[in-house]
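The values are calculated or read from the model by the stated rules, or taken from the named source; none is laboratory data. Everything numeric in this text was worked out from a predicted model, so none of it was measured. Areas reflect the complete protein model, heavy atoms only, side chains present, ligands, DNA and RNA absent. Shrake-Rupley method; radii C 1.70, N 1.55, O 1.52, S 1.80 Å.
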Amino acid sequence: MIKSLFVSAISQEEKKENRGSVEFQVFSFTNKIRKLTSHLELHRKDFLSQRGLRKILGKRQRLLSYLSKKNKVRYKELINNLSIRESKTR
């Protein structure tokens with residue numbers, strides 16, 4: 001497993017203070033997604049992990065859409081810090 005892919009953009013103090021914030025939740029979901037993606041590269045037929053990955057992706061997408069509606073500046077900063085793509089708008 002490649003350790004350099006996992007992001008540690010949030011300091012330890014911020015982790016303890018803001019566990020309920022949208023940014024922290026998106027940050028933790030992104031780390032889980034990256035871990036599951038690297039796991040699925042080795043174990044292609046692990047269908048339960050694929051289902052879990054899809055569920056986490058949906059949760060992160062809903063949080064990101066909520067943040068983009070509420071505060072565009074924080075949304076843009078988070079997208080840039082985590083180096084993830086911006087969601088498509090409908």
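Mind grabbing the accessible area of R34 for me, 1.4 Å probe, Å², rounded to tens?
50 Å²
Let me check something: with ligands and nucleic acids excluded, how do K88, K72, K59 order by accessible area (1.4 Å probe), largest to smallest? Please list the in-between numbers first.
Details: K88 190, K72 115, K59 90 Å².
These residues rank, largest area first, as K88, K72, K59.
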